[in-house]
Amino acid sequence: MASLNDDECTPLLQPSHTGDVVESQQQNKNRWWSIRVMYLTLFLSSVGFSIVMTSIWPYLQKIDASAGTSFLGWVIASFSLGQMLSSPLFGFWSNHRPRREPLVVSISIMIAGSVLYAYVHVPASHNKYYMLIARALVGFGSGNVAVVRSYVAGATSLSERTGAMANVCAFQALGFILGPAFQACFTFIGEQGVIFQAIYLQVNMYTAPALMGALFGIVNIILVFAVFREHTVDDLGKPTPSINSDTDDSDRDSEEAVDQVAVVSSNIIFFVILFCFAVFETIATPLTMDMYAWSRSTAVFYNGVILAVVGLESLIVFIGVKILSKKVDERVLLLGGLVIIWVGYFILLPWGTEFPKIQWTDLQNNTIHHFSLWDSLTTALSNHTVEPTGCPASQSWCFYTPVIHLAQYLTSDILIGVGYPTSNVMSFTLYSKIIGPKPQGVYMGWLTASGSIARTLGPVFVIQTYTHLGPQWTFSLTCAIVAVSIVLLFAVYKKLIAFPIRNRRV
């Protein structure tokens, strides 16, 4: 049997322990069940973002043919914009009131947005705006990520923190990655699906994922009421009054004691990590359709399978990080994760003399320069006979850019599947330790907001750059962005240390 101090070697869902924790066995059990409910909440928030990502465009075209590519960008961005606005608000709320309040309200908003998404086909007009509102509501509700992170940070000792944060990242990353896999499973329902006339509901490949998300949200609320309780411990693991209770805070360190340079730098690095993941998730379907002449359904299915495999890989990485962090400095692991991400994108740079198959069916009246990647997809969706495949002739770079071989693409997926979870867990594990015993709701709100901005700008960046300049510029610029974050990490390396170590020399 493993010793109680062997906390980082425990399985992913098992609690960590430290010999200095002064609490009963029942208190410890209740504390970790509450933390597990937070894991589930974060997983569902991530699934809410990713589960419809690969089907938003065809669903939007199905319900409202007037929706253009620019509106698609707003629909995709609305989730992250909603989360960006709500994260600091929910974080502030959790600092001053019981966390159950913002949790239940935020999950209820997510459920409402998911149900609305399943009904956006019902109105006679302006359907695209209803979809925009639905995704914004789901994003706004997902701002509870700040509440989850602040709670886990406050409910774990310093020695437990890395293991718990690895679990937090595991559930968040799995939500992002497995969402498209769920969508791939629902493709077998088809576009028609099953219609329930009495409640005006059509359950098909587009609405079923959203309805499943709503069902999960209901289960989540039940668990918050039945299982979740407020628990707070200090850096040594001794139970303390909740940080949002009415206890005297006069003995706490002043706000100025937090190293603001380290805080800002951590937010920037976290932004880059989430930006790279957004690029990775957004580019998968169009890249494989262009490079390998995959049809729309083939690309959605195979990329869903690939992302599911990457999700399992990430799970193994998270377990490995928990073990490795006991022997390797967390800053070194963060640096290693960023380097692996850089290599993953560098491998995607096209080379060789083989070129992709050209799709000519987009050409109409010699107006090539008016077309884009998403216009090509529109043409494919409106073709009811044979779906055109290949790299659209409207993208001029298709004629002179070498094909990205399938081996390159799969190798890149594997590397990013290692680098992303490693750097992700280390970035905000260090962040929570830098903040220390402070109420972390607002701080975690800003960290979540920086991630939301990254997920907003990432798709816009990759769509515009890939469509007009091609994969060579897209992945070169991404490598440059990661390289800048590595330089920043070196510059602030000595500042990224835990609050009690910096202030008390523990």
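The values are calculated or read from the model by the stated rules, or taken from the named source; none is laboratory data. Note that this is a predicted model, so its numbers are computed, not measured. Backbone-built Cβ (ideal geometry, glycine too); neighbour counts: all protein chains shown.
Things to note:
- Test: Val115 is modelled with pLDDT of 90 or more and more than 25 Å from Glu281 (Cα to Cα): no
- From Tyr117, Tyr151, Tyr130, residue being of a type in the set (Phe, Trp, Tyr), in contact with a helix residue (DSSP H, G or I) (Cβ under 7 Å, 6 or more places away or on another chain), surrounded by fewer than 23 Cβ atoms within 10 Å (Cβ to Cβ) and touching a residue at least 12 places away in the same chain (Cβ under 8 Å): Tyr130
- Total residues in segment 469-485, condition free of Cβ contacts under 8 Å to residues at least 24 places away in the same chain and farther than 28 Å from Gly82 by Cα: 2
- Some residue of segment 191-214 being surrounded by fewer than 19 Cβ atoms within 10 Å (Cβ to Cβ), aromatic (Phe, Trp, Tyr) and touching a residue at least 12 places away in the same chain (Cβ under 8 Å): yes
- Residues of segment 316-330 that are of a type outside the set (Gly, Ala, Ser) and in contact with a helix residue (DSSP H, G or I) (Cβ under 6 Å, 6 or more places away or on another chain): Val317, Phe318, Val321, Lys322, Ile323, Lys326, Glu330.
- Index of the failed condition, Ile273 passing every other in (1) among the aliphatic types (A, V, I, L, M); (2) more than 30 Å from Trp57 (Cα to Cα); (3) touching a helix residue (DSSP H, G or I) at 6+ places or on another chain (Cβ under 6 Å); (4) modelled with pLDDT of 80 or more: (2)
- Test: residue in segment 473-482 that is hydrophobic (A, V, I, L, M, F, W, C), buried (at least 21 other Cβ atoms within 10 Å of the Cβ) and modelled with pLDDT of 90 or more: yes
- Within segment 290-342, being aromatic (Phe, Trp, Tyr) and outside any helix (DSSP H, G or I) holds for one residue alone: Trp294.
Yes or no, residue by residue, for (1) crowded, with 24+ Cβ neighbours inside 10 Å; (2) out of contact with any Pro (no Cβ under 8 Å at 6 or more places or on another chain); (3) of a type in the set (A, V, I, L, M):
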site	(1), (2), (3)
Ser78	no, yes, no
Ser94	yes, no, no
Arg100	no, yes, no
Met110	yes, yes, yes
Met165	yes, yes, yes
Val168	yes, yes, yes
